[in-house]
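Beneath this line is the structure, given in structure tokens, with notes to follow.
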Protein chains: 2
Amino acid sequence: MRGINVGLIGFGTVGTGVVKILKEKQTLLRNKTGTNIILRKICDKDIKSKRAISVDESLLTTDPDQIIRDPQIDIVIELIGGIHPAKEYIIEALKNGKHIITANKALLAEEGKELFLIAKQHKLSIYFEASVGAGIPIIKSIREGLVANRFLSILGILNGTSNFILTKMSKENLSFKEALQEAKRKGFAEKDPTLDIQGIDSAHKLILLIYLCFGRLINLEDIFVEGISNISNIDLIYAKEMGWDIKLLAIAKKEAQELEVRVHPTLIPQDHLLSSVKGIFNAIYLSSDLINELLFYGPGAGQMPAASAVVSDLVDLVQNIKAGLFKPQLEVIQDSSIQRLKNISEIESRYYIRFMAIDKPGVLAKISGLLGKYQISIASVNQKERKKQKVVPVVMLTHEAKEKNFKEALSRISKLDVIKEKPVAIRIEEL
Amino acid sequence: MRGINVGLIGFGTVGTGVVKILKEKQTLLRNKTGTNIILRKICDKDIKSKRAISVDESLLTTDPDQIIRDPQIDIVIELIGGIHPAKEYIIEALKNGKHIITANKALLAEEGKELFLIAKQHKLSIYFEASVGAGIPIIKSIREGLVANRFLSILGILNGTSNFILTKMSKENLSFKEALQEAKRKGFAEKDPTLDIQGIDSAHKLILLIYLCFGRLINLEDIFVEGISNISNIDLIYAKEMGWDIKLLAIAKKEAQELEVRVHPTLIPQDHLLSSVKGIFNAIYLSSDLINELLFYGPGAGQMPAASAVVSDLVDLVQNIKAGLFKPQLEVIQDSSIQRLKNISEIESRYYIRFMAIDKPGVLAKISGLLGKYQISIASVNQKERKKQKVVPVVMLTHEAKEKNFKEALSRISKLDVIKEKPVAIRIEEL
């Protein structure tokens, strides 16, 4: 029985989980693959701290070259995260003939073009199941299980931290800040949660899903991204009263020859499956030419779920390497019917709007008059309190409107003297 | 570029879908695999009727031997369904060195032991993604994507017909018969819907999921199976009032060294994801040692979803064959910690019970007295109407009780002279 040698760079939370599985489930994995998977080296800046699993000291190194340049190593697992030096390590490993497994969504979303090209030139594979939805086998499902499908849309709740915060705010009527504190306390938010709450992490993951579904690796700058930090709990309450939930949704939709891509807080109907995705859970909702609805749901983060995904990539690679003649991954094919990305200003959407307006006669007429001027029709309007001559919330749902028109109308309305705060506008997906 | 030759037996609904994909997506599949997939022969009893896709007449035959015994053919797709002659065709094809793709859950669940063994002896694979959850890539996900997981439980809504009927009954307050008629009208139920509504189809699928998750192919006779034909719409209404939904659930749970396996109508909480699975949709909800919750959701039947799954199996096989040295599937490994199947009489469950009892003093005392004798404690009780000396429904929810005790108590209660119909009892899963 030939063994396959593996090197791990990054002995943090997920890395420790991977080592744990490889040690504790050695027999299971050998029985499933007919191959010995040998963990040959583990590299980390810190090899002194105690981990939840004990490893032979001779396995540990602080020098990545001992993995990248070891001719015995077939597969390198990169779990240090961030762009640098992860990128350099991976390029060097590829040039030394090693297949790559990574959970690094930021790196692949921002530098994937270069990395995938180098891998291809060297007839090597880059696997990244853990980078989206942790343990949910979404990447394998899209790439292999749904291989014959032409995708029409992706809707994802892809960031566990944001979803935890929104769920907390909604359930316990907390402010954004309070819910963020709670997320930090529970270890669900990092010290600097910017990437998560500003929607960047969701955008990174969406870029990878779009790459697999539509065959294009688009640039982060080309995506409209809006985070959740401006969401207020009263909007969650008003939305709920009207039968909606607010989720940070990552959206990609093919319409004719255009692809619409965006990440933003979104009102979705409470009776939709995505609305049942609470707390740190993630879900990916797909539609294709062959299957109208598919949903994949699971924890969006966590040591063992992510490690489960890394090990499934590892087993795939082991199976392919041991087939003798290396079996490459299925090619990602560009959907040639897509000609361009739609700009956010061109999209059409329904909107939830909350104005803080002075409660006096004629205010609604002014607002709706301006909306009407921009061809925006109102589906419902609801003044939430009565306080004559005082500032009260007025909540409107619009019908479909062009983003460009909507933005202009909103800008003009916010200048009215009866409007006392910047209006809050949240897009609606009817699903 | 070497081509891989495929023979199809069964040119019905799903078969036609497969031919459609192979014709219309030839280029996509060639680009993804780097291989030509050549449909060499199609066999059906009826090769005269027009299909939604036109094929060259020379491809058609009524003689399965032209596929099974053609030395050029690498892969046989069996889509005729039923045990015989599908079983004989598959055995003969395996003996002739052909890999198998099938959607035939009944065949694999009942005769899988023999078929998998013959395949193994000949170093061939049997793929069956379309047999559970149609287009949902659940089999690949369990076998490969979750390869490192030790499973703890499977909860599935696995039969679209039953779920459609229960959804209709609940939403539109129809009787079972009316909802079944509607399902037939819409083409969601077969002329003889016995396998679907009696839970047998769900049990077949559960057997296959258990095979993949726990490595044992258990016998249909060893599973407790109860269908939905005794469910009445008033039970759906009463359940809903108390925050529950009723679903036909396929359940497998590992507890210590035992596996609990059953299929029956089940009360589940309305706020659980499985409760949002409506109409013909299916869902599989998994729990493992590495991932506490995973859900896979999609249409449970349909021409193109099922064809999507068949083609994904085909692409897997094509990839493996073309790797030169044939790469076998990952082994299914028996979970050796499971010593035995739990008998239904040994399980513990909460229950919903509806008695039709005469409305007079002392009735509740009699019922609850008998329940108490068997160590069954009542969580809530609700007399739904008041009609002195007339028959009224009395609804109870129990705490956890032993099935054996519960059955005996119910049998004694039903003999009371104040009880006027056979009591309805439905198990509860709290999830």
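The values are calculated or read from the model by the stated rules, or taken from the named source; none is laboratory data. Bear in mind the structure is a predicted one, so any value in this text is a computation, not a measurement. FYI the Cβ positions are ideal-geometry reconstructions off the backbone, even for glycines, and counts take in every protein chain you see.
Can B:Leu236 be described as of a type in the set (A, V, I, L, M, F, W, C) and more than 16 Å from the chain's Cα centre (by Cα)?
Considered against the rule, which asks whether it is of a type in the set (A, V, I, L, M, F, W, C) and more than 16 Å from the chain's Cα centre (by Cα), B:Leu236 comes out as yes.
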Quiz prompt | Checking B:Pro299 against (1) closer than 21 Å to B:Leu155 by Cβ; (2) more than 10 Å from every other protein chain (Cβ to nearest Cβ), the condition it does not meet | solution = (2)
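Looking at the range A:400-421, can you tell me whether even one residue there is more than 14 Å from chain B (Cβ to nearest Cβ), surrounded by fewer than 19 Cβ atoms within 10 Å (Cβ to Cβ), within 19 Å of A:Glu241 (Cα to Cα) and touching a strand residue (DSSP E or B) at 6+ places or on another chain (Cβ under 9 Å)?
Our first condition is that a residue be more than 14 Å from chain B (Cβ to nearest Cβ); within the range A:400-421, this holds for A:400-421.
Filter once more, keeping what is surrounded by fewer than 19 Cβ atoms within 10 Å (Cβ to Cβ): A:400, A:402, A:404-405, A:407-408, A:411-412, A:414-418, A:420-421.
From what is left, the residues that are within 19 Å of A:Glu241 (Cα to Cα) are none.
No: zero hits.
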Quiz item: Given A:Leu274, A:Leu364, A:Leu286, A:Leu317, which one is buried (at least 16 other Cβ atoms within 10 Å of the Cβ), more than 8 Å from chain B (Cβ to nearest Cβ), part of a helix (DSSP H, G or I) and in contact with a Ser or Thr (Cβ under 8 Å, 6 or more places away or on another chain)?
Solution: A:Leu317
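Being among the acidic types (Asp, Glu) and within 24 Å of A:Arg150 (Cβ to Cβ) is the requirement here; does B:Glu57 meet it?
Working: among the acidic types (Asp, Glu): yes; within 24 Å of A:Arg150 (Cβ to Cβ): no.
Against the criterion (among the acidic types (Asp, Glu) and within 24 Å of A:Arg150 (Cβ to Cβ)), B:Glu57 does not qualify.
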Quiz item: Any idea which of A:Leu94, A:Leu155 is in contact with a strand residue (DSSP E or B) (Cβ under 8 Å, 6 or more places away or on another chain), in contact (Cβ under 8 Å) with a residue 24 or more places away in the chain and not assigned by TED's automatic domain parsing to the domain that holds A:Val18?
Solution: A:Leu155
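Got a sec? Which of B:Ala106, B:Ala134, B:Ala119 is on the phi > 0 side of the Ramachandran plot and either in contact with a helix residue (DSSP H, G or I) (Cβ under 7 Å, 6 or more places away or on another chain) or acidic (Asp, Glu) (or both)? Walk me through it before giving the result.
On the way: B:Ala106 fails: on the phi > 0 side of the Ramachandran plot; B:Ala119 fails: on the phi > 0 side of the Ramachandran plot.
Just a single option satisfies the conditions, and that option is B:Ala134.
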Quiz item: Among (1) crowded, with 19+ Cβ neighbours inside 10 Å; (2) touching a strand residue (DSSP E or B) at 6+ places or on another chain (Cβ under 9 Å); (3) not in a strand (DSSP E or B), which single condition is A:Val261 missing?
Solution: (3)
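Considering only residues that are of a type in the set (Gly, Ala, Ser), under 18 Å from A:Arg427 (Cβ atoms) and in contact with an Asp or Glu (Cβ under 9 Å, 6 or more places away or on another chain), which ones fall in the range A:154-200? Steps first, please.
In the first step, residues of the range A:154-200 are kept if they are of a type in the set (Gly, Ala, Ser); the result is A:156, A:160, A:162, A:170, A:175, A:179, A:183, A:187, A:189, A:199.
If we keep only those that are under 18 Å from A:Arg427 (Cβ atoms) as well, we get A:156, A:162, A:170, A:199.
If the condition is that a residue be of a type in the set (Gly, Ala, Ser), under 18 Å from A:Arg427 (Cβ atoms) and in contact with an Asp or Glu (Cβ under 9 Å, 6 or more places away or on another chain), then A:Ser162, A:Ser170, A:Gly199 are the ones that fit.
Out of B:Glu255, B:Glu293, report the one residue that is over 30 Å from B:Gln383 (Cβ atoms) and more than 14 Å from chain A (Cβ to nearest Cβ). Even if it seems obvious, please write down each step before you answer.
Values: B:Glu293 fails: more than 14 Å from chain A (Cβ to nearest Cβ).
Matching residue, one of B:Glu255, B:Glu293: B:Glu255.
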Quiz item: Looking at (1) within 22 Å of B:Ile67 (Cα to Cα); (2) within 14 Å of another protein chain (Cβ to nearest Cβ), which is the only condition B:Lys95 fails?
Solution: (2)
Self-check item: Extreme residue, farthest from the chain's Cα centre (by Cα), among residues of the range A:2-16 that are under 19 Å from A:Ser58 (Cα atoms) and assigned to a helix (DSSP H, G or I)
Solution: A:Thr16
Quiz item: Any idea how many residues of the range B:31-53 are in contact with a strand residue (DSSP E or B) (Cβ under 6 Å, 6 or more places away or on another chain) and part of a helix (DSSP H, G or I)?
Solution: 0
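Can you go through A:Asn230, A:Asn219 and tell me which one is touching a helix residue (DSSP H, G or I) at 6+ places or on another chain (Cβ under 9 Å) and at pLDDT below 95? Spell out the reasoning first.
Numbers: A:Asn219 fails: at pLDDT below 95.
Exactly one of A:Asn230, A:Asn219 is touching a helix residue (DSSP H, G or I) at 6+ places or on another chain (Cβ under 9 Å) and at pLDDT below 95, namely A:Asn230.
This table checks each residue for (1) crowded, with 18+ Cβ neighbours inside 10 Å; (2) farther than 19 Å from A:Ser288 by Cβ; (3) charged (D, E, K, R).
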{"position": "B:Thr27", "(1), (2), (3)": "no, no, no"}
{"position": "B:Thr33", "(1), (2), (3)": "yes, no, no"}
{"position": "B:Leu39", "(1), (2), (3)": "yes, yes, no"}
{"position": "B:Lys48", "(1), (2), (3)": "no, yes, yes"}
{"position": "B:Glu57", "(1), (2), (3)": "no, yes, yes"}
Practice problem: Take B:Ser336 and decide whether it is free of Cβ contacts under 8 Å to residues at least 12 places away in the same chain and within 14 Å of chain A (Cβ to nearest Cβ). | Solution: yes
Quiz item: Which of the residues spanning the range B:205-233 are surrounded by fewer than 22 Cβ atoms within 10 Å (Cβ to Cβ), part of a loop (DSSP other than H, G, I, E, B) and either under 14 Å from the mean Cα position of the chain (by Cα) or assigned by TED's automatic domain parsing to the domain that holds B:Ile126 (or both)?
Solution: B:Glu226
Quiz item: Of everything in the range B:320-361 that's among the small types (Gly, Ala, Ser) and surrounded by fewer than 16 Cβ atoms within 10 Å (Cβ to Cβ), which residue is modelled with the lowest pLDDT?
Solution: B:Gly324
Quiz prompt | Selection from the range A:121-152 of residues that are more than 12 Å from every other protein chain (Cβ to nearest Cβ), assigned to a loop (DSSP other than H, G, I, E, B) and in contact with a strand residue (DSSP E or B) (Cβ under 9 Å, 6 or more places away or on another chain) | solution = A:Leu124, A:Ser125, A:Phe128, A:Val132
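Condition (residue is assigned to a helix (DSSP H, G or I) and under 15 Å from the mean Cα position of the chain (by Cα)) applied to the range B:182-194: is it met by at least one residue?
Yes - at least one qualifying residue is present in the range B:182-194.
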Exercise. Of the conditions (1) in contact with a helix residue (DSSP H, G or I) (Cβ under 9 Å, 6 or more places away or on another chain); (2) without any contact (Cβ under 8 Å) to a residue 60 or more places away in the chain; (3) of a type outside the set (Gly, Ala, Ser); (4) assigned to a helix (DSSP H, G or I), A:Ile100 clears all except one; give me its number.
Key: (4)
Quiz item: Looking at A:Ser380, A:Ser411, which one is outside any strand (DSSP E or B) and closer than 26 Å to A:Leu248 by Cβ?
Solution: A:Ser411
Quiz item: Quick one: is A:Glu331 touching a residue at least 24 places away in the same chain (Cβ under 8 Å) and within 30 Å of A:Ile218 (Cβ to Cβ)?
Solution: no
